[in-house]
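Inspection log for the structure reproduced underneath, given as structure tokens.
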Amino acid sequence: MKIGYRTIKTAVGTPFAIWIATLLNLENFASAGILTILCIQITRKRSMLSAWHRFAACMIAIVFSFIFFELIGYNPLAIGLMLFVFIPTTVWLKITPGIVTSSVIILHLFVAEPIGWNIIINEFLLIIVGIGTALLLNLYMPSLEGKLEDYQFKVEDNFSTILKEIARYLRDGNEVWIGKELTETASLLEEAKSLSFRDVENHLLRTHNKYYHYFHMRTKQFEILERILPLVTRIWGDNKHAHVIADFFEDLSEAIHPGNTAVIYLQKLKEMKDEFRNDDLPATREEFEKRASLFHLLNEIEQYLIFKRSFKKSDV
């Protein structure tokens, strides 16, 4: 069973927050641990946002509690009426994640009858200790660079295999390949984009991620590869053209890396297109359909390369 960093932080932070609250002789000291549990998140940005939501909601809850309890009384009706106003207020201010946390504070104030400065200061310190402990722990986030590089390597390796298998099919119609790299690549790209987005949220001043753009580009290319496969089945019998394209795919399979060599292959593709256009016109309907599929395939390959050309090498 794998234990994640969030679990470790929660296990360490909760007793630490309770211990600090105990040292400060705070009432309801265990609530500091609850605040810490709620504020531990998987990224720095989410942690900061979670802390703000809970802090703001708790401050509003203290004000509302004082007003409603002092005016209506310390009874269940006052709690109900206050929530009718408090919850819509948090929705309007977009701090609804803080409702659960602030409910704990509300009940503390309800039981503390009457609300004095001593209990308000007590609750304020509980909030600071609980949220502060979580923020302190979330300053450290493990680097995702190594995992993202692994995903990059696996995706590139699968792309190379797919292109080689397409080349093999164009040459001899080989149908041995079962295509497991296709389903695997689809899963890898989704996981990689999700992980790279987490990496963005771990950097408070960063608004983009080099790997996220890279995997987005590969996703677009992968969609094209999926569209290419049925086109390939329509032209492989045309040996003259199929072998030329097979050689092109073979060369392309050896150039799957973050570096930008797309310009070179776009030029080769243009020359290949010009060569095919100078061929004799199709004599039969079958030849015409194959020629149409051929140019459709070349257009898809061109788009595949354009996506790569638009991606800057310096981004990864």
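The values are calculated or read from the model by the stated rules, or taken from the named source; none is laboratory data. If you're wondering where the values come from, they're calculated on a predicted model, not measured in any experiment. As a convention, Cβ positions derive from the backbone with ideal geometry for all residues, glycine included, and neighbour counts pool all protein chains shown. Calculation scope for accessible area: heavy atoms of the full protein, side chains included, ligands and nucleic acids excluded. Shrake-Rupley method; radii C 1.70, N 1.55, O 1.52, S 1.80 Å.
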On a 0 to 90° scale, report how tilted helix 145-172 is relative to the longest principal axis of the chain, with both axes built from alpha carbons and the result rounded to the nearest 10.
20
Under the 7 Å Cα-to-Cβ spin-label approximation, ASN299 and SER194 lie apart by a distance in nanometres of 3.6
Rank MET217, MET48, MET272 by mean-square fluctuation in a GNM of the chain with C-alpha springs under 10 angstrom and give only the top-ranked residue.
MET272
Under the definition of Cα pairs under 8 Å and six or more residues apart, what whole-number percent is the relative contact order of segment 1-120?
24
Relative contact order of segment 82-200, pairs being alpha-carbon contacts under 8 Å that are 6 or more residues apart, as %:
22
So, with points 7 Å from each Cα along the Cβ direction, the ASP274-ASP150 label distance in nm works out to 4.7
I need the shape label for segment 59-123. Rule: rounded when a/c is under 1.5, else prolate if a/b > b/c, else oblate, with a, b, c from the alpha carbon gyration tensor.
oblate
Accessible area (Å², 1.4 Å probe, nearest 10) - VAL263
90
Distance check, please: which entries in LYS268/LYS308; LYS154/LYS210; LYS154/LYS268 exceed 21 angstrom between their Cα atoms?
LYS154/LYS268
What's the longest bit of the chain with no exposed trypsin sites (Lys or Arg not before Pro), using DSSP loop states and at most 13 other Cβ atoms within 10 Å as the test?
95-205
If the chain between SER143 and ALA11 were fully extended at 0.36 nm per residue, the gain over the current Cα-Cα distance would be 45.4 nm
Across segment 50-60, in residue order, what do the Karplus-derived ³J(HN,Hα) couplings come to in whole Hz, using 6.51 cos²θ - 1.76 cosθ + 1.60 with θ = phi - 60° and x for Gly and Pro?
4, 4, 5, 4, 6, 5, 4, 5, 5, 5, 5
Using 0.36 nm per residue of separation minus the Cα-Cα distance, give me the extension gain between ARG309 and GLU289 in nm, one decimal.
4.2 nm
Once you sort the root eigenvalues of the Cα gyration tensor of segment 1-124 as a ≥ b ≥ c, which label holds: rounded (a/c under 1.5), prolate (a/b larger than b/c) or oblate (the other case)?
oblate
Test of understanding: what is the full-extension gain from GLU113 to VAL91, defined as 0.36 nm times their sequence separation minus their Cα-Cα distance?
5.1 nm
Mean separation of Cα contacts under 8 Å (at least 6 apart) over the residue count of the chain, i.e. the relative contact order in percent, is 19
Where segment 73-231 is the region considered: accessible area per residue in Å², 1.4 Å probe:
51
In whole Hz and in residue order, list the ³J(HN,Hα) couplings for segment 242-255 that follow from phi through the Karplus curve 6.51 cos²θ - 1.76 cosθ + 1.60, θ = phi - 60°; x for Gly and Pro.
4, 5, 5, 5, 4, 4, 5, 5, 4, 5, 5, 5, 8, 10
Which angle from 0 to 90°, rounded to the nearest 10, does the C-alpha axis of helix 262-277 make with the longest principal axis of the chain?
40
Could you work out which residue, out of GLY173, GLY98, GLY13, moves most in a Gaussian network model of the chain, that is, has the largest mean-square fluctuation with Cα springs under 10 Å?
GLY173
Spin-label model distance (nm) - LEU49 vs GLU27, 7 Å beyond Cα toward Cβ
3.5
Given charges of +1 on the Cβ of Lys and Arg and -1 on the Cβ of Asp and Glu, with all other atoms neutral, how large is the dipole of segment 126-185 about its Cα centre, in debye to the nearest 20?
100
With a 1.4 Å probe and every protein chain kept in, tell me what percent of the accessible surface of the chain is carbon plus sulfur.
62
Ranking ILE105, ILE72 from most to least accessible area with a 1.4 Å probe gives ILE72, ILE105
Ranked order, PHE222, PHE197 - accessible area, probe 1.4 Å, largest first:
PHE197, PHE222
In Å², rounded to a whole number, the accessible area per residue of segment 15-62 with probe 1.4 Å is 47
From the phi angles alone, apply the Karplus equation (6.51, -1.76, 1.60; θ = phi - 60°) to segment 21-37 and give each ³J(HN,Hα) in whole Hz, x where the residue is Gly or Pro.
5, 5, 4, 7, 6, 7, 6, 6, 4, 5, 5, 4, x, 4, 4, 5, 4
Rounded, prolate or oblate: pick one for segment 77-155, where a ≥ b ≥ c are the square roots of the eigenvalues of its C-alpha gyration tensor, a/c under 1.5 means rounded, and failing that, prolate if a/b is larger than b/c, else oblate.
oblate
